[in-house]
Amino acid sequence: MTRELWDREAETFDDEPDHGLADPVTRRAWRDLLLGALPPAPARIADIGSGTGTLARLLVDEGYSVAGLDLSPEMVARARLKVPEATFTVGDASEPRLDDTAYDVVLSRHVLWAMPDPETAFARWVGLLGPDGVVVLVEGSWHTGAGLTAAECERIVRTVRTDATVRHLTEPVYWGRPIDDERYLLVSRA
């Protein structure tokens, strides 16, 4: 995906129920899902592929410290407006450059599948973590043929870490409609 494509997508990106989290029921479902996977606030979170900052907004509201990274300058501009309490950097998720402080969490939603070399990108993401860091990935294998199956994602995670727990996200509340493809949360604690 190109920077220009994501810049064009930024204007309507939040229109999707799972992107903008405008519906209170959908927002609460994502909040509960993520809080169940994250260490307690005020943990430091690296939000890789932060888009317009919707997850950052949700997590800052819960007391977390968030640093986001996105390829698109337009997405980052929107994220900065939406979440002025967080920091956002324009950059490549395959080689994330954030501050030198170790993070407690690397969070990424629908990004790993798009990396040219997912294993190398994932290893770099893990390099952002402190010793007890947690990885939280939301990924999928979509009806379009794009994406990563849960098994593929787990294999990638296990090239660097020993723990990987998958929870399939089949409930329409997360997506604003019923789905017929594979979508899941993968959490790795070590």
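Values in this text are rule-based calculations from the coordinates and carry no lab data. All of these numbers come straight from a predicted model, not from anything done at the bench. Here the Cβ is made from the backbone with ideal geometry for all residues, glycine too, and neighbour counts use every protein chain on show.
Quick notes on this structure:
- In the chain, taking the dipole from charged Cβ atoms about the Cα centre, the farthest positive-side position among A86, A123, S65 is held by S65.
- Over the residues of the chain, the helix contribution to mean residue ellipticity at 222 nm works out to -8500 deg cm²/dmol, using -39500 (n - 2.57) for each DSSP H run of at least 4.
- For the chain, the spread of Cα positions along each principal axis, largest first, Å: 37, 37, 33
- Mean-position separation - Cα centroids, the range 111-158 and the range 1-66, in angstrom: 17
- Computed FRET value (nearest 0.05) for T101 with D61, which takes r as the C-beta separation and R₀ as 22 Å: 0.50
- Coordinate range along principal axes, alpha carbons of the range 117-190, Å, largest first: 38, 23, 17
- Summing Lys and Arg as +1 and Asp and Glu as -1 over all other residues whose Cβ lies under 13 Å from the Cβ of R97 gives a net charge of -4.
- Placing unit charges on the Cβ atoms only, positive for Lys and Arg and negative for Asp and Glu, gives the range 62-109 a dipole magnitude near 240 debye about its Cα centre.
- Take the convex hull of the alpha carbons in the range 1-40; its mean projected area over all directions comes to 3.9 nm².
- For S188, S65, S108, order by how many other beta-carbon atoms lie within 10 Å, fewest first: S65, S188, S108
- Once the chain from A146 to I179 is taken as fully extended at 0.36 nm per residue, the excess over their C-alpha distance is 10.4 nm.
- Overall, the chain carries a charge dipole of about 380 debye about its Cα centre when +1 sits on the Cβ of Lys and Arg and -1 on the Cβ of Asp and Glu, all other atoms neutral.
- Percent breakdown of C-alpha pair distances by 10 Å bin, ordered from the shortest bin, for the range 30-142: 16, 51, 32, 2
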